[in-house]
Structures are given as structure tokens and as C-alpha cells.
1. How many residues does the range 22-41 contain that are under 18 Å from Asp54 (Cα atoms) and either open to solvent by 10 Å² or more (accessible area, probe 1.4 Å) or in a strand (DSSP E or B) (or both)?
2. If you go through the range 42-57, how many residues are open to solvent by less than 40 Å² (accessible area, probe 1.4 Å) and basic (Lys, Arg)?
3. Considering every residue within the range 78-85, establish whether at least one is surrounded by fewer than 18 Cβ atoms within 10 Å (Cβ to Cβ), over 15 Å from Glu6 (Cβ atoms) and either without any contact (Cβ under 8 Å) to a residue 12 or more places away in the chain or polar (S, T, N, Q) (or both).
4. Just checking, which of Ala74, Ala60, Ala40, Ala49 is modelled with pLDDT under 95 and among the aliphatic types (A, V, I, L, M)?
5. Which of the residues spanning the range 58-77 are of a type outside the set (Ser, Thr, Tyr), open to solvent by 60 Å² or more (accessible area, probe 1.4 Å) and on the phi < 0 side of the Ramachandran plot?
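The values are calculated or read from the model by the stated rules, or taken from the named source; none is laboratory data. All values derive from a computational prediction rather than experimental measurement. Don't worry about glycine lacking a Cβ; one is built from the backbone with ideal geometry, like all the others, and counts go over all protein chains shown. Surface areas here come from the heavy atoms of the whole protein model, side chains and all, with no ligands, DNA or RNA. Shrake-Rupley method; radii C 1.70, N 1.55, O 1.52, S 1.80 Å.
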Amino acid sequence: QVQLVESVGGLVQPWGSLRLSCTASRSMFRIYAMGWYRQAPGNQRELVAGIIADGTTNYADSAKGRFTISRDNAKNTVYLQMNSLKPEDTAVYYCNRWPPQSNYWGKGTQVTVSS
């Protein structure tokens, strides 16, 4: 089975920053388009940011100007740098392929933005 493991999130104050990472178990990671997703209680899971194999990126409107997705294919890792965090960014964050594949979902990691 393909496995994606997210780094630990945590509690962050408003206007603070946090960097998440996701490491894949497969060497073919380098050809996959990847994405970061999030789900808040009572809401649908949504795409936050996506990145294709050559590094081209796409962002949800809520993330533009604040979040940056990047990848290191040599490390089979995708990152999400989150700056200027807001309480409405509170959610469980997941990485997956873009578009997502059902067998790639992991446990996710909780990010809470609160003072």
C-alpha cells in the first residue's frame, strides 16, 4: 500500500507561521501531482494547494498570498508553508495526490489557530 505521512501540526497563534511536510513511501512520487487538503468540523474536505511534477502550483483563494506549496522529489516530500495564519485555517490537514486517490489518504494532522 502507498503511504503518505504528514508531520505533526500543532497550536499556533493568529498571524503566526507553521510548516507542514508529507513524505511518501514510493519512489515514483517524482511524477505525481500532489496536493494539501484540509477539513474543518462540519465542513467538506477541500483542496488548499496543488503542485504538479515540474513545480507548477495552484492555490485555493483562501490560501493565495499566505501559503506556499513546494516539493523535493529527491526526498519524496511535499511541503506546505503557512504564514499569516487565521482562526479559520483551523482544520485537519492531509496530503494526497492531486486529484486525490482513495487509497492514499492518511491520518492527517491537526492545525489549530487560536489565541
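1. Applying the first criterion (under 18 Å from Asp54 (Cα atoms)) to the range 22-41 yields 22-24, 26-36.
Now narrow it down to the ones that are either open to solvent by 10 Å² or more (accessible area, probe 1.4 Å) or in a strand (DSSP E or B) (or both): 22-24, 26-28, 30-36.
Number of matching residues: 13.
2. 0
3. Step one: of the range 78-85, the residues surrounded by fewer than 18 Cβ atoms within 10 Å (Cβ to Cβ) are 81, 83-84.
Now drop any that are not over 15 Å from Glu6 (Cβ atoms), which leaves 83-84.
From what's left, either without any contact (Cβ under 8 Å) to a residue 12 or more places away in the chain or polar (S, T, N, Q) (or both): 83-84.
There is at least one residue in the range 78-85 that is surrounded by fewer than 18 Cβ atoms within 10 Å (Cβ to Cβ), over 15 Å from Glu6 (Cβ atoms) and either without any contact (Cβ under 8 Å) to a residue 12 or more places away in the chain or polar (S, T, N, Q) (or both).
4. Numbers: Ala60 fails: modelled with pLDDT under 95; Ala40 fails: modelled with pLDDT under 95; Ala49 fails: modelled with pLDDT under 95.
Result: Ala74 is the single residue among Ala74, Ala60, Ala40, Ala49 that is modelled with pLDDT under 95 and among the aliphatic types (A, V, I, L, M).
5. Kept after step one, since they are of a type outside the set (Ser, Thr, Tyr), are these residues of the range 58-77: 58, 60-61, 63-67, 69, 71-76.
Remaining after also requiring open to solvent by 60 Å² or more (accessible area, probe 1.4 Å): 58, 61, 64-65, 74-75.
Matches in the range 58-77: Asn58, Asp61, Lys64, Ala74, Lys75.
To keep it simple, each residue is scored yes or no on (1) over 11 Å from the mean Cα position of the chain (by Cα); (2) acidic (Asp, Glu); (3) within 10 Å of Leu20 (Cβ to Cβ).
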residue	(1), (2), (3)
Ser70	no, no, no
Asn73	yes, no, no
Val78	no, no, yes
Asn83	yes, no, no
Glu88	yes, yes, no
Cys95	no, no, yes
Gln101	yes, no, no
Tyr104	yes, no, no
